[in-house]
Ligand code: CAO
């Protein structure tokens, strides 16, 4: 049953005769609980008065410039009985809503001041520097990703209004982006989905490593033109040798996995194809060719992916590399790696071969220009000398920066890798 309720000015501490600087609703507006009704400005702060319940505004009793104190009538709202009951303990309200003994009179809880977040750097700049805006405007700006310090306020004392924020966004959208204009990515915003509407959910924060690596992965994925070349290497003989070595060195606690051979093979391939050991300089017009061979290895840890770097791989043998690999992956998993252990890489290997898979698209670890993904080796029939023979084939997935490396060069690189891995005697040449 519909009911008319009065919304009164809440208790805001010692302040009396507080100026109303903005009224956000008018008669006939449908409002939701927590929606801002008006903004007040005390000596110390600007604050919003939110609606204590859902309803339709019947009449507004205050206007901009009025000075009001606790208990003053702000407006009357028509609400249904069911909406009234929802007001008593709304799930998202941090403090209980104060209601007077009169069920037809409600006093809202003052909304806290929010902090704005940074906007994309492509948005136009404003001369204001310091943002002067009410919490509701800050909330509105935050939803749109607008940095209020860049918006020019047209209200009293330079106050930023809703129109100012909308105008700022319109101006930003009108800027040429992508297409014929060139720079910038026209990416539509991710839809905001309330998953709890569809079932039970739990929110789990991302680990610090995932947050850090996520930003880099995203940057690398959108800013580097990736191509992934897939190939296979016949490691049948290499595997026999690896097992022999494995038995010999297991007594010393050294585990020899295919990755130690891959490290060595990658370096010989880089020596044959020096562009794979390069980075683009800041101008994007020159290649910086490196004469050292430091190789990063992606390590899966409980907190996320880490990429420690093995130094001077060209100067080390398979057993030494296997030993160092065991040490750095253990340190990464125990979170004992210093930041310097993850710097200076020339090329990265990401091996999922111990787990499975047949192929994937690794993301280049910029400023490197290529990364080798390795999946699980499996026995396949290979046609040799007029018959199919069972061979152990290792899947390779090489992602490369197409600004630096052409497709032909990439497939020459993976073919060379296949050649040395199928005959590891070549690693010593
Ligand atoms: N094919 C078949 N078997 C393989 C293989 C391959 N390509 N690579 C490794 N194996 C075997 C190993 O020989 C070992 O077998 P045994 O225990 O019988 O000797 C087993 O798989 C486990 O190997 P491992 O994973 O412990 O060792 P590794 O040297 O291959 O890898 C490391 C070390 C640190 C790279 C790995 O543990 C790891 O973290 N991999 C995940 C990397 C990752 O997440 N990359 C994804 C990046 S994109 O998100």
**Q.** log10 of Debye I(q)/I(0), alpha-carbon scatterers only, for the stretch 207-272 at 0.11, 0.18 Å⁻¹
**A.** -0.52, -0.88
Q) Got the relative contact order for the stretch 225-428 handy, in percent, Cα pairs under 8 Å and 6 or more residues apart? A) 30
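Compute the relative contact order of the chain as a whole-number percentage, counting only Cα pairs closer than 8 Å that sit 6 or more residues apart in sequence.
Details: 794 pairs, mean separation 51.5, N = 429.
Averaging sequence separation for qualifying contacts and normalising by length gives 12 percent for the chain.
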Q.
If I fit a long axis through the Cα atoms of helix 258-272 and take the longest principal axis of the Cα atoms of the chain, what angle between them do I get, 0 to 90°, rounded to 10?
A. 80
Q.
Can you tell me, using C-alpha contacts under 8 Å and at least 6 residues apart, the relative contact order of the stretch 311-418 as a whole percent?
A. 19
Q) Between the helical axis of 135-144 and the dominant principal axis of the chain, each derived from Cα atoms, what acute angle in degrees is found, rounded to the nearest 10? A) 30
Q: Give the distance, in whole Å, between the Cα centre of the stretch 358-399 and the Cα centre of the stretch 206-274.
A: 11
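For the stretch 281-429, what is one quarter of the convex hull surface built on the Cα atoms, given in nm²?
Values: hull surface 43.6 nm².
That works out to 10.9 nm², a quarter of the Cα hull's surface.
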**Q.** Fluctuation leader among 228, 358, 46 - the chain, Gaussian network, Cα springs under 10 angstrom
**A.** 46
Q | Ranked list, fewest to most other Cβ atoms within 10 Å of each Cβ, for 400, 416 | A | 416, 400
Q) When only alpha-carbon atoms count, how far does the stretch 332-377 stretch along each of its three principal axes, as whole angstroms with the largest first? A) 33, 28, 12
Q.
If you fit an axis through the alpha-carbon atoms of helix 208-223 and take the longest principal axis of the Cα set of the chain, what angle between them do you get, 0 to 90°, nearest 10?
A. 80
Q | Cα pair distances of the chain binned at 20 Å [whole percent] | A | 20, 35, 24, 19, 3
Q. Taking every DSSP beta bridge that has both residues in the chain, what percent is antiparallel when rounded to the nearest 5?
A. 85
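A short reminder: the numbers here are calculations on the coordinates, not readings from a lab. Small disclaimer: the values here were computed from a predicted structure and weren't measured. Don't worry about glycine lacking a Cβ; one is built from the backbone with ideal geometry, like all the others, and counts go over all protein chains shown.
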